[in-house]
1. Using amide H atoms built 1.01 Å from N in the peptide plane, name the residues 5+ places from T12, or on other chains, whose amide H lies under 5 Å from its own.
2. So if I place +1 on the C-beta of Lys and Arg and -1 on the C-beta of Asp and Glu, and nothing else carries charge, what would the dipole magnitude of region 258-391 be about its Cα centre? I want it in debye, nearest 20.
3. Residue-wise, which Karplus ³J(HN,Hα) couplings in Hz belong to region 301-308, taking 6.51 cos²θ - 1.76 cosθ + 1.60, θ = phi - 60°, and x for glycine or proline?
4. Which entries in the list K43/K192; K52/K298; K298/K381 go over 26 Å, if you measure between the two C-alpha atoms of each?
5. Which lysines have a Cα lying under 22 Å from the Cα of K208, excluding residues fewer than 8 positions away in the same chain?
6. Got a sec? Charge dipole of the chain, +1 on Cβ for Lys and Arg, -1 for Asp and Glu; which of V53, A75, A379 is way out at the positive end?
7. Per residue of region 260-271, what does 6.51 cos²θ - 1.76 cosθ + 1.60 with θ = phi - 60° give for ³J(HN,Hα)? Whole Hz please, x for Gly and Pro, Karplus curve as stated.
8. Starting from the Cα-Cα distance between E254 and L216, subtract it from 0.36 nm times their residue separation and give me the gain in nm to one decimal.
Amino acid sequence: MAVVEATRLALTGNDAVAEALRQVNPDVAAIYPITPQTEMMMKFAQYYADGKVDTEVVCVESEHSAMSATVGAAAAGARAITATSSAGMALMWEILYVAASCRLPIVMPLVNRALSGPLNIHCDHSDSMGARDTGWIQIYSENSQEAYDNTIQAFRIAEHPDVLTPAMVTLDGFILSHTMEVIDILPDEEVKKFVGEYKPENYLLDIKHPLTMGPLDLPPHYFEHKRQQVEGLENSVDVIRQVAREFKELTGREYDLLELYRMDDAEVAVMALGSSAGTAKAAVDTVREEGVKAGLIKMRVFRPFPIEDILRATAGLKAFGVMDRAIAFGAQGGATFLEVRSAMYERTHPPVANYIYGLGGRDITIGQIAGIFEELAEAAKSGKVKKLVNYVNLREPE
């Protein structure tokens, strides 16, 4: 299959995702504004006003209502979407669990933003990391091109009959959502063909096959129903890869659960999610010129957690650093670090350190990540890390 010809456009991350949603043309979109997501769904609403989509756009009174309306539409058999950020996701918390437990293949772009308090409208991953156990697939984007591509792929993944699990596609607030980037946009007809028509097997409005959805679930059955959700997430691993292979045939762009950068001979490496992975790549190149055999493991998919891929990628390392853009208060490090370190527990593994960075939108620079590599190089020689949990670019009291 030949790679299709794309159109090159300069778009913000918000506009890139809105463009993907326009091309998919979902049946229902429940929308409510919150910075820095507002412009995304405002753009989609403009597409609706201009007659470029025939989506039923529902303007609701809160994010809790947005997810509730999306759940209702999806349960009725519609391809349904919403989008949010930060406190908006926190307000829809209860309904995130409902969407997942009802096995509704909702797709939700999430523009990552810090949670209060104090009030902060800039990027960190405390919103999506806080939702890591709600039962949703989580796909992270390094740049606006990936946000566009991931959004298109998310529909195929979530709607697969072996998965039927909601998916959130994240992009870093302001860093991606409000900055302009030249990206390749697929022809409308190719996106429609790739995503296909949504034909649910079970839905509330199928009067020939009535069913109950979201009932009271008491002790005799609740446990078994929760266990079934695990199957959807586990099955999504193969589906994510299959969809990525087909997307590569269409676009030439390659995706997987992880992306490995200069890892073939790496002795030290860091793991990053989201836009910081691009900065980390530049840091890898910088310290390579200084003789450090450095590499990057970019985690694209956080849920389902890619345990086997991480074990393969880290097998030859002498020291490893995991970067977290969120704090897990009272825990022994950030969420990504804790899960990675747990995955490595059953085997002999290199020294592993956690690096908390970028909370509330604080910048992370090439030089700061290069400093992480310097610490890891020392740990590789000594066989142990100086400090388990580290805070990058933090003004510590003297």
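1. Close amide H contacts, sequence-distant or interchain: E181.
2. Working: 17 positive and 16 negative charges, 54 e Å.
For this selection, approximately 260 debye.
3. 10, 8, 10, x, 6, x, 4, 4
4. K52/K298
5. Straight-distance partners of K208: K199.
6. Value computed over the given set: A379.
7. 9, 10, 6, 9, 4, 10, 5, 9, 10, 8, 10, 10
8. On the way: separation 38, 0.36 × 38 = 13.68 nm, distance 4.31 nm.
Between E254 and L216, full extension yields an extra 9.4 nm.
Coordinate-derived values only; no laboratory data. Every value quoted in this text rests on a predicted model; they were computed, and no experiment measured them. A quick note on method: Cβ atoms are made from the backbone with ideal geometry, for glycine too, and the neighbour counts reach across all protein chains shown.
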